[in-house]
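I have placed the structure first, in the form of structure tokens, so that the comments after it can refer back to it.
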Amino acid sequence: MKLVFAGTPEVAVPALDALIASGRHEVAAVVTRPDAPAGRGRRLVASPVAERAEEAGIEVLKPARPRDEDFLARLREIAPDCCPVVAYGALLPKAALDIPAKGWVNLHFSLLPAWRGAAPVQHAVMSGDEVTGASTFLIEEGLDSGPVYGVLTEEVRPTDTSGDLLTRLAFAGSGLLAATMDGIEDGTLHAVPQPADGVTLAPKITVEDAQVQWSAPALRVDRVIRGCTPAPGAWTPFRGERLKLVQATPAVDRSELAPGELSVGKNNVFVGTGSHAVELLWVQPQGKKPMRAADWARGVRIAAGELVGS
């Protein structure tokens, strides 16, 4: 088939690579989000998908909005048979959905209908799911509601951050998406409607969502920190500034601390929660680089009984 691939972040690159390497289909063009400011200088930088496509000599389309007529006209000229999508980042209008004969097929990082939305992996980690996965489905106008072509499952490990889990799903899912394109092309794969039961939503995690509530049990605190790593980054107020919590672990043998109360040893930093404590391993003070929590604690000279949190 002739394909137009839509995707933007680094997590979409393995799927693009898999389609290029398959040799069975032609990736005629890539659709990605426009260049965005990045770094200290805030200079415009192309998306990871755009950079990979340019390396491969593939045409790159960067519409400000997918409903722009210039973009739709070029898509009609290319006349793709199918448009695979991974984390493109913009809503596709019906005018675009109608162009490829076999539709737009999304690789979504959950077992649909669970975790429909922008942040399925983060929500899976934060909710304590033991198993998640990826699904390929035909895009409709509803939110991740289209019929499913294929799925794969992936264990959520006890120490997984959302970044760890997403990386594994990106590589495993690239094979699923390539296999889905093969099955659509040869007619052996047919999409099956999603069940009406079991629908959960995964909206974007905001900075406010990522603030740790120390009155919650340690298990919940641990999940929030892991689920918000690397983005948007779990945090807590400390002395009027935002302290990012990069890595922590439950400390089941420490239950004497009040929620938010700090306890500092020679090489350890503990914080009380609504159950037992958590040990802070790595933190990032505002305006500084990540550092070991014990080094941070020595530098700020924490007083006995001092608290983090609002």
Filtering the range 266-303 down to residues that are open to solvent by less than 40 Å² (accessible area, probe 1.4 Å) and in a loop (DSSP other than H, G, I, E, B), which residue is farthest from residue 233 (Cα to Cα)?
302
So for the range 195-214 (the condition being outside any loop (DSSP other than H, G, I, E, B) and under 30 Å from residue 257 (Cβ atoms)), does at least one residue qualify?
yes
Touching a Gly at 6+ places or on another chain (Cβ under 9 Å), outside any loop (DSSP other than H, G, I, E, B), surrounded by 14 or more Cβ atoms within 10 Å (Cβ to Cβ) and among the β-branched types (Val, Ile, Thr), is that true of residue 85?
yes
Being modelled with pLDDT under 95, closer than 21 Å to residue 224 by Cβ and basic (Lys, Arg) is true for just one of 298, 254. Which residue is that?
254
So how many residues does the range 218-235 have that are in contact with a Lys or Arg (Cβ under 8 Å, 6 or more places away or on another chain) and either hydrophobic (A, V, I, L, M, F, W, C) or farther than 18 Å from residue 165 by Cβ (or both)?
2
I'd like to check something: does the range 216-235 contain any residue that is more than 29 Å from residue 143 (Cα to Cα) and either in a loop (DSSP other than H, G, I, E, B) or in contact with a Gly (Cβ under 6 Å, 6 or more places away or on another chain) (or both)?
yes
Flagged in the range 22-53 as more than 24 Å from the chain's Cα centre (by Cα), within 22 Å of residue 174 (Cα to Cα) and open to solvent by 40 Å² or more (accessible area, probe 1.4 Å), in numbering order, are 22, 23, 24, 26
Read through the list (1) open to solvent by 30 Å² or more (accessible area, probe 1.4 Å); (2) within 15 Å of residue 291 (Cα to Cα); (3) touching a Pro at 6+ places or on another chain (Cβ under 9 Å), then give the number of the only condition that residue 243 fails.
(1)
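Would you point out which residue out of 198, 240 is without any contact (Cβ under 8 Å) to a residue 60 or more places away in the chain and on the phi > 0 side of the Ramachandran plot?
240
The values are calculated or read from the model by the stated rules, or taken from the named source; none is laboratory data. As the structure is a computational prediction, the values presented were derived from the model and not from experiment. Cβ atoms come from the backbone with ideal geometry, glycine included; neighbour counts cover every protein chain shown. Quick note on the areas: whole protein, heavy atoms, side chains included, nothing else; ligands and nucleic acids left out. Shrake-Rupley method; radii C 1.70, N 1.55, O 1.52, S 1.80 Å.
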